[in-house]
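A quick write-up on the structure given underneath.
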Amino acid sequence: QVRLVESGGGLVQPGGSLRLSCAASGIIFSLYRMAWYRQAPGKGRDLVAQITRNGSPNYSDAVKGRFTISRDNAKSTVLLKMNSLKPEDTAVYYCKAELGYAHWGQGTQVAVST
(Lines give C-alpha, C1' and ligand atoms only; values in the text may rest on other atoms or scores of the structure.)
Protein backbone atom coordinates (compact mmCIF):
# COMPACT_ATOMS: atom_id res chain seq x y z
CA GLN A 1 0.00 0.00 0.00
CA VAL A 2 1.40 3.36 -1.05
CA ARG A 3 1.35 6.11 1.56
CA LEU A 4 2.57 9.70 1.37
CA VAL A 5 2.33 11.57 4.66
CA GLU A 6 2.98 15.31 4.74
CA SER A 7 3.87 17.24 7.88
CA GLY A 8 5.28 20.59 8.94
CA GLY A 9 2.48 22.94 7.97
CA GLY A 10 1.14 25.64 10.26
CA LEU A 11 0.57 29.33 10.77
CA VAL A 12 3.48 31.69 10.18
CA GLN A 13 3.87 35.44 9.84
CA PRO A 14 4.85 37.04 6.52
CA GLY A 15 8.59 36.78 6.03
CA GLY A 16 8.80 33.64 8.12
CA SER A 17 9.90 30.12 7.24
CA LEU A 18 8.51 26.61 7.34
CA ARG A 19 9.84 23.20 6.37
CA LEU A 20 7.45 20.66 4.96
CA SER A 21 8.25 16.97 4.96
CA CYS A 22 6.71 14.10 3.02
CA ALA A 23 7.43 10.56 4.11
CA ALA A 24 6.76 7.85 1.55
CA SER A 25 6.16 4.14 2.05
CA GLY A 26 5.08 1.30 -0.19
CA ILE A 27 7.15 2.48 -3.16
CA ILE A 28 10.76 2.23 -4.31
CA PHE A 29 11.26 5.88 -3.50
CA SER A 30 14.50 6.38 -5.41
CA LEU A 31 12.75 5.60 -8.71
CA TYR A 32 10.08 8.27 -8.34
CA ARG A 33 9.98 11.89 -9.37
CA MET A 34 8.70 13.79 -6.36
CA ALA A 35 6.84 17.07 -6.30
CA TRP A 36 5.02 19.54 -4.12
CA TYR A 37 1.77 21.11 -5.24
CA ARG A 38 -0.48 23.59 -3.52
CA GLN A 39 -4.13 24.51 -3.65
CA ALA A 40 -5.41 27.82 -2.34
CA PRO A 41 -9.09 28.23 -1.40
CA GLY A 42 -11.25 28.38 -4.51
CA LYS A 43 -8.35 27.71 -6.87
CA GLY A 44 -6.83 24.78 -8.71
CA ARG A 45 -3.88 22.66 -7.64
CA ASP A 46 -0.63 24.16 -8.88
CA LEU A 47 2.89 22.80 -9.11
CA VAL A 48 5.27 24.41 -6.61
CA ALA A 49 8.46 22.42 -7.06
CA GLN A 50 9.60 19.04 -8.29
CA ILE A 51 12.76 16.98 -8.08
CA THR A 52 13.82 14.17 -10.36
CA ARG A 53 15.10 10.85 -9.09
CA ASN A 54 18.58 12.14 -9.88
CA GLY A 55 18.03 15.16 -7.64
CA SER A 56 17.50 17.86 -10.27
CA PRO A 57 15.02 20.46 -8.99
CA ASN A 58 12.82 22.96 -10.70
CA TYR A 59 10.43 25.54 -9.32
CA SER A 60 7.44 27.60 -10.27
CA ASP A 61 8.18 31.26 -10.91
CA ALA A 62 6.10 32.16 -7.84
CA VAL A 63 8.50 30.45 -5.43
CA LYS A 64 11.83 30.48 -7.25
CA GLY A 65 14.55 31.86 -5.00
CA ARG A 66 12.46 31.39 -1.83
CA PHE A 67 11.70 27.65 -1.69
CA THR A 68 14.09 24.71 -1.85
CA ILE A 69 13.10 21.12 -2.59
CA SER A 70 15.34 18.24 -1.60
CA ARG A 71 15.11 14.50 -1.20
CA ASP A 72 16.66 11.85 1.01
CA ASN A 73 16.37 8.52 -0.74
CA ALA A 74 17.70 6.64 2.28
CA LYS A 75 14.78 7.95 4.36
CA SER A 76 12.22 7.96 1.52
CA THR A 77 11.54 11.61 2.29
CA VAL A 78 11.14 14.78 0.27
CA LEU A 79 11.44 18.19 1.92
CA LEU A 80 10.29 21.67 0.99
CA LYS A 81 12.07 24.50 2.76
CA MET A 82 10.03 27.68 2.45
CA ASN A 83 11.58 31.04 3.24
CA SER A 84 10.33 34.62 2.95
CA LEU A 85 6.75 33.42 3.07
CA LYS A 86 4.02 35.66 1.72
CA PRO A 87 0.25 35.69 2.36
CA GLU A 88 -0.24 34.40 -1.19
CA ASP A 89 1.63 31.23 -0.22
CA THR A 90 -1.34 30.28 1.94
CA ALA A 91 -2.67 26.95 0.68
CA VAL A 92 -2.90 23.25 1.33
CA TYR A 93 0.39 21.71 0.23
CA TYR A 94 0.36 18.24 -1.31
CA CYS A 95 3.15 15.78 -1.94
CA LYS A 96 3.12 13.78 -5.17
CA ALA A 97 5.11 10.74 -6.22
CA GLU A 98 5.12 9.92 -9.92
CA LEU A 99 6.42 7.04 -11.99
CA GLY A 100 3.93 6.88 -14.80
CA TYR A 101 1.11 6.72 -12.26
CA ALA A 102 0.81 9.43 -9.61
CA HIS A 103 0.29 9.00 -5.87
CA TRP A 104 -0.82 11.87 -3.65
CA GLY A 105 -0.63 12.65 0.04
CA GLN A 106 -3.49 14.05 2.09
CA GLY A 107 -2.04 17.56 2.30
CA THR A 108 -0.83 19.90 5.02
CA GLN A 109 -2.18 23.40 5.61
CA VAL A 110 0.11 26.41 5.40
CA ALA A 111 -1.26 29.78 6.48
CA VAL A 112 0.76 32.99 6.17
CA SER A 113 -0.85 35.81 8.07
CA THR A 114 -0.31 38.45 10.72
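The values are calculated or read from the model by the stated rules, or taken from the named source; none is laboratory data. Quick caveat: nothing in here was measured; it's all calculated off a predicted structure. Please note that ligands, DNA and RNA were not included when accessible areas were found on the heavy atoms of the full protein model with its side chains. Shrake-Rupley method; radii C 1.70, N 1.55, O 1.52, S 1.80 Å.
What are the ³J(HN,Hα) couplings of region 4-19, residue after residue, when phi is run through the Karplus curve with 6.51, -1.76, 1.60 and θ = phi - 60°? Round to Hz, x for glycine and proline.
Residue by residue, region 4-19 yields 10, 10, 8, 8, x, x, x, 9, 9, 7, x, x, x, 10, 9, 10 Hz.
Taking only the alpha carbons of the chain, what extent do you get along each of the three principal axes, in Å, biggest first?
41, 25, 23
Which whole-Hz ³J(HN,Hα) couplings does region 103-113 yield from phi under the Karplus relation 6.51 cos²θ - 1.76 cosθ + 1.60, θ = phi - 60°, glycine and proline marked x?
10, 10, x, 8, x, 9, 7, 10, 10, 10, 7
Would you mind telling me the share, in percent, of accessible area of the chain contributed by carbon and sulfur at probe 1.4 angstrom?
48 percent
At 1.4 Å probe size, with every protein chain present, just tell me what the per residue accessible area of the chain comes to in Å².
The answer is 53 Å² per residue.
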